[in-house]
Each structure stands twice: as C-alpha cells, then as structure tokens.
Amino acid sequence: MVIDASPEAILEALADVASVPSWSSVHRSAEVIDTYDDGRPHHVNVTVRVLGITDQEVLEYHWGHTWLVWDADKTSQQHAQHVEYNLTREGEDKTRVRFDITLEPRAPLPEFLIKRAKKTVLNAATEGLRRRVLGTRCRADPTTSSDPATPGTGGARRGRH
C-alpha cells in the first residue's frame, strides 16, 4: 500500500497512540504507559475487539527511522503477537507501507474466523492508517478490504499488506 505522505508523517501518526481508537476499528482504547527519551511510546496498554472477542494487551514498541515493531505480552486470547510496519520512501511525498502481523491464538480457531479476523485487522492497520495520515478522521470499515494474508506455519497466524 502506498500513502501520499513521508515516512516521518506516518511514524508520527503511529506514535500518536491516543488517536488510534479514532482510526482503527479494532482498538477500543490505547494508553501510553511509558516513553523513550525522544517521547515516542515504549509500552502501551490497548484494548482490542475483533469478531466480538475483546482482549487487553500490553505492547512493547521499538522504533527505527523507517519502521515500527511491537510485541505483545501473553494475554487471555493469545500466546504471542508480533507486528511490523516497514516504510519505504517512493518519491518526494509517497511511502510504501508494509504491515506484517504474526500471532499465536491461545485456542484453535476455525479457518473462516481467522480469515475474517485478518481482513478486519489488516484493514484497520492499513486503510485506517491511510485515513489518519491523510486527515480523514472516520473509523475504518472492517468489511471493505481484500484478504492478502496467508496462514503461517507451526500454529502461528501471519498476515501481510
């Protein structure tokens, strides 16, 4: 996905944790627990809801000049979660955004539910972010994206956009 903005503008939007519930349909709340010396979030507490399942997560953020990575502690719904945003500048004010998520649910789930959940999460993580960066403050519609994700191996579920 390409967004008409610089990598810096995209990272700034991702660092604005308090605004995430306004543009991500899966986030119910998000609060910074602590920050790095530069003011960017280090640990974040979020409540997410996907397909009627609510989970409370503590995320540990790591930042680079063109990327953001976070890992979630074990929760009631998952053993682990790893998320990456990788940004590649394309021209003056365009950035290719690659979003990857790997998660290990605590219980086996039917494949059709996993696909539906991936679609919802990928849409929130990409189209919701695009709307936020471009200034459109509407909530992401979880029913309008395609599902480019593919199941991973070893019980982990992985999606990419």
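A residue that is under 16 Å from residue 129 (Cα atoms), among the aliphatic types (A, V, I, L, M), assigned to a loop (DSSP other than H, G, I, E, B) and modelled with pLDDT of 95 or more can be found somewhere in the range 2-9. Has the range 31-38 got at least one residue that is aromatic (Phe, Trp, Tyr) and more than 19 Å from residue 131 (Cα to Cα)? Yes, the conditions are met somewhere in the range 31-38.
If I filter the range 134-147 for residues that are modelled with pLDDT of 90 or more and either surrounded by 10 or more Cβ atoms within 10 Å (Cβ to Cβ) or within 15 Å of residue 51 (Cβ to Cβ) (or both), do I get at least one hit? Yes; the residues of the range 134-147 include at least one that is modelled with pLDDT of 90 or more and either surrounded by 10 or more Cβ atoms within 10 Å (Cβ to Cβ) or within 15 Å of residue 51 (Cβ to Cβ) (or both). Can you find even one residue in the range 10-30 that is out of contact with any Leu (no Cβ under 9 Å at 6 or more places or on another chain), assigned to a helix (DSSP H, G or I), modelled with pLDDT of 95 or more and over 18 Å from residue 124 (Cβ atoms)? Within the range 10-30, one or more residues are out of contact with any Leu (no Cβ under 9 Å at 6 or more places or on another chain), assigned to a helix (DSSP H, G or I), modelled with pLDDT of 95 or more and over 18 Å from residue 124 (Cβ atoms).
Of the residues in the range 79-86, not one is surrounded by fewer than 18 Cβ atoms within 10 Å (Cβ to Cβ), of a type in the set (Phe, Trp, Tyr) and at pLDDT 90 or above. Taking the listed residues 90, 104, the one that is more than 26 Å from residue 134 (Cα to Cα) and of a type in the set (Asp, Glu) is 104, with no other qualifying. The number of residues in the range 19-42 that are within 21 Å of residue 66 (Cα to Cα), surrounded by fewer than 15 Cβ atoms within 10 Å (Cβ to Cβ) and not charged (D, E, K, R) comes to 2. Scanning the range 43-54 for residues that are surrounded by fewer than 15 Cβ atoms within 10 Å (Cβ to Cβ) and closer than 14 Å to residue 75 by Cα yields 45, 49, 53, 54. On the given criteria, is residue 33 of a type in the set (Val, Ile, Thr), at pLDDT below 95 and not in a loop (DSSP other than H, G, I, E, B)? No. The sole residue among 76, 6 that is among the hydroxyl-bearing types (Ser, Thr, Tyr), touching an Asp or Glu at 6+ places or on another chain (Cβ under 8 Å) and buried (at least 16 other Cβ atoms within 10 Å of the Cβ) is 6.
Among the numbered conditions (1) among the charged types (D, E, K, R); (2) at pLDDT 50 or above; (3) surrounded by 14 or more Cβ atoms within 10 Å (Cβ to Cβ); (4) under 27 Å from residue 16 (Cα atoms), the only one that residue 158 does not meet is (2). If you go through the range 32-59 one residue at a time, how many are among the small types (Gly, Ala, Ser) and over 17 Å from residue 13 (Cα atoms)? Total satisfying the criteria: 1. Among the residues that make up the range 100-112, is at least one of them part of a helix (DSSP H, G or I) and more than 15 Å from residue 46 (Cβ to Cβ)? Yes, the conditions are met somewhere in the range 100-112. Of the set (1) free of Cβ contacts under 8 Å to residues at least 40 places away in the same chain; (2) in a loop (DSSP other than H, G, I, E, B); (3) buried (at least 18 other Cβ atoms within 10 Å of the Cβ), all apply to residue 57 but (2).
The values are calculated or read from the model by the stated rules, or taken from the named source; none is laboratory data. Predicted model, so just to flag it, every value in this text is computed and none were measured. Positions of Cβ are backbone-derived with ideal geometry, glycine not excepted, and every protein chain shown enters the neighbour counts.
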